[in-house]
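K.L.:
Here it is, the structure, as structure tokens.
The values are calculated or read from the model by the stated rules, or taken from the named source; none is laboratory data. Note that the coordinates shown come from a computational prediction; the quantities given were computed from them, not determined experimentally. Ideal geometry is used to build each Cβ from the backbone, glycine not excepted, and the neighbour counts take in all protein chains shown. When the accessible area is computed, the model is the full protein with side chains, heavy atoms only, and any ligands, DNA or RNA have been set aside. Shrake-Rupley method; radii C 1.70, N 1.55, O 1.52, S 1.80 Å.
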Amino acid sequence: MGGMSERMRWASALSEETDTRKAAQDAASRVAADLGGVPPDLALVFFSTHHRANPAVVAEALAETLLPEHVIGCSAGGIIGAGREVEERPAISVTAARLPGVTVHPFRFDDADLPDEDAAPRAWEALLGVPAAQKPHFLVLADPFSFPADLLLRGLDYAYPRSAKAGGLASAGERPGQNALLRDGHLLRRAPVGVALTGAIQVDT
């Protein structure tokens, strides 16, 4: 992490290259240039149905070109980046940030790990590895066919009532196993992925 004198910086790019590796490299290289070549603390990547067969290639290209500390992402029906939206065509978007003074806590789990509805808030804190006292904010991505996102959101609201929660559902599949989710180089088909952000950051949903 950089010093507190450094300012927070965000950058976003979208590529419509049809080749998956080229598209990921194209978007990542433009984001890297906008960030001055300094590796970001967090990168978010979204890729269309056309690229969902090669999520490992997306992850590799992002790691090689952008060198992010943490990555989350998923396949999606519509891709938004750099102020543009692409639907029903190949596209990959990358958004990344330098977050001085902010700690990024990545997490993943499956529905078997979710605390019971009557569990205490500390059960959720143990699952996510972040105490509510740190006032975390959450970005979460999930597969709608294989994970009860509504239960997760209710749990987050219960255990972290003062935290902002943002994210969405992977939308490039029509049945379980078709969507792809990424977290720090790991490819997942059903578990949600996300990060908690603590420190010098405010999130407005």
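K.L.:
Per residue of segment 175-182, in order, report the coupling 6.51 cos²θ - 1.76 cosθ + 1.60 (Karplus, θ = phi - 60°) as ³J(HN,Hα) in whole Hz, putting x for Gly and Pro.
P.N.:
Here the 3J(HN,Hα) series is 7, x, x, 7, 6, 10, 10, 10 Hz.
K.L.:
Related question: Ignoring ligands, DNA and RNA, please state the percent of accessible area on the chain from carbon and sulfur, probe 1.4 Å. Mind dumping the intermediate values first?
P.N.:
Values: 4730 of 9690 Å².
The computed percentage sits at 49.
K.L.:
In addition: If you take every DSSP beta bridge fully contained in the chain, what fraction is antiparallel? Give it as a percent rounded to 5. Intermediate results must be reported in sequence, preceding the final value.
P.N.:
Details: 35 of 46 bridges.
Counting only bridges with both partners in the chain, antiparallel ones make up about 75 percent.
K.L.:
How large is ³J(HN,Hα) for each residue in segment 67-82, as worked out from phi by the Karplus curve 6.51 cos²θ - 1.76 cosθ + 1.60 (θ = phi - 60°), to whole Hz, x for Gly and Pro?
P.N.:
Running phi through 6.51 cos²θ - 1.76 cosθ + 1.60 with θ = phi - 60° gives 6, x, 5, 9, 9, 9, x, 6, 6, 8, x, x, 10, 10, x, 6 Hz.
K.L.:
While we're on this one: In segment 1-59, which trypsin sites (Lys or Arg not before Pro) are in a loop and have at most 15 other Cβ atoms within 10 Å, using DSSP for the loop call?
P.N.:
Working: sites: R7, R9, R21, K22, R30, R52; in loops: R7, R52.
Sites meeting the loop and neighbour criteria: R7.
K.L.:
Heavy atoms only, 1.4 Å probe, whole protein assembly: order I80, I201 by accessible area, highest first. The partial results should precede the final answer.
P.N.:
Details: I80 105, I201 25 Å².
These residues rank, largest area first, as I80, I201.
K.L.:
Can you give the accessible area per residue of the chain, in Å², using a 1.4 Å probe? Mind showing how you got there, number by number?
P.N.:
Details: 9690 Å² over 205 residues.
Here the residues of the chain average 47 Å² of exposed surface.
K.L.:
Among the GluC sites (Glu not before Pro) in segment 36-138, which ones are in a DSSP loop with at most 12 other Cβ atoms within 10 Å of the Cβ? Mind listing them? The partial results should precede the final answer.
P.N.:
On the way: sites: E60, E64, E69, E85, E87, E88, E117, E125; in loops: E69, E88, E117.
For GluC sites (Glu not before Pro) across segment 36-138 that sit outside H, G, I, E and B with at most 12 neighbouring Cβ atoms in 10 Å, the list reads E88, E117.
K.L.:
For semi-axes √(5λ) of the Cα gyration tensor in Å, the choices are (i) 38, 20, 15; (ii) 28, 19, 16; (iii) 27, 22, 13; which was calculated from the structure?
P.N.:
Computed from the coordinates, semi-axes √(5λ) of the Cα gyration tensor in Å corresponds to (iii).
K.L.:
Residue by residue through segment 101-114, which ³J(HN,Hα) values in whole Hz follow from phi under the Karplus form 6.51 cos²θ - 1.76 cosθ + 1.60 (θ = phi - 60°), with glycine and proline marked x?
P.N.:
With the stated coefficients, segment 101-114 comes to x, 10, 9, 9, 10, x, 8, 7, 6, 10, 5, 5, 8, 5 Hz.
K.L.:
What ranking of T18, T65 comes out by heavy-atom accessible area, probe 1.4 Å, highest first? Could you put the intermediate results ahead of the total?
P.N.:
Details: T18 110, T65 45 Å².
Most to least solvent-accessible, the answer reads T18, T65.
K.L.:
As a check on your grasp of the helix formula, calculate [θ] at 222 nm for the chain: sum -39500 (n - 2.57) over DSSP H runs of n ≥ 4, divide by the residue count, round to the nearest 500.
P.N.:
Values: 4 runs with 46 residues, N = 205.
The helix contribution divided over the chain gives -7000 deg cm²/dmol.
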